[in-house]
Amino acid sequence: MLVSLSLPRRLKEQRSIAILAVIVVFCLASLASGARAVVIADALRTAGSVVAYPFWKGLTGAQNALHGTTAFFLDHGAARQEAEALRHEVTDLTRSLTALDELRAENERLRGMLEFARTEPRFTVEPAEVIGRSFEGALTIDRGAVHGVQEAMCVLTGDGVVGMVAKVEPFFSHVYTLHHSKCRVGAMIPRNRVRGIVHGGGSTQRPVSTMQYIDIKDDVRVGDDVVTSGGSIFPSGFPIGRVTRVEFDSESLLKTAFIEPVLDPYSLDEVFVLRAAPPSTEELTAGRGGGEDSLYALPDNRSIQERYAP
């Protein structure tokens, strides 16, 4: 019993010798049977591959994981660089499109100005660029005395009346628009020839002008168009605005029409200064072709308000 218990212990202690003995016995058996040495080598190779397979599999998996992680970080960095480059490209394209839109809008405005000059050959106009705006409804343009601009000249666009030149400097001028409280324009309603004087609104919060001195019996309605009446510094027939409300004063027996101007002076970039305009046939037949109110009358020493206020 004691011997049987000590045998496994002895085998465990002498394991290497036992393995060597088994190999020697196997080789001797192979030699005795006439088997070739290659069989032994194949057997040893097979045994080695079986033992090494788990380690090889784990090493391959670790290599693949390391390669995938490295590739992920490299691809992520490349993707970030590409995304940054695309973002800059989109920004540049957006700026280019914005500049293109601005050029297109400017081209359309200039075409409109050329069309106006072509369709109104009787007018002598000076193109001007708006270089300044005030919150009181005044503009500053890049044309002055050296360009032939004088006080009280009409300022307009192909879409309607802008205002009048109030002050002239050598190289620029100040313009009172229909939003300015000191602007006065002779006006009429073309539907029935009712006449009055349009006064500037004088407020940027409520940019509405008023047409005053309308007889209480005259027919003025909401939605009526209002145009220049001619006979002074403004040629006749140019759009001023549209009637939005009508009020009357029972004491003065006069009506007041509130006018929404057709043009927003704060959105203008180019305007025309009307230097000369022969009177129309209607003005000539009405007896407005000369005198103090003629378009040819030169400005005198009085202020603009004294000369052209009703």
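Just so you know, all these numbers are worked out from the coordinates, no wet-lab data involved. Just so we're clear, the structure is a prediction, and the values are computed from it rather than from any experiment. For neighbour counting, all protein chains shown are included, and Cβ atoms are generated from backbone atoms with ideal geometry for every residue, glycine included.
Relative contact order for segment 135-214: what is it in percent, counting Cα pairs under 8 Å that are at least 6 residues apart?
On the way: 178 pairs, mean separation 20.7, N = 80.
Value for segment 135-214: 26 percent.
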So how do 76-88, 233-245 stack up, highest first, on mean other-Cβ count within 10 Å?
233-245, 76-88
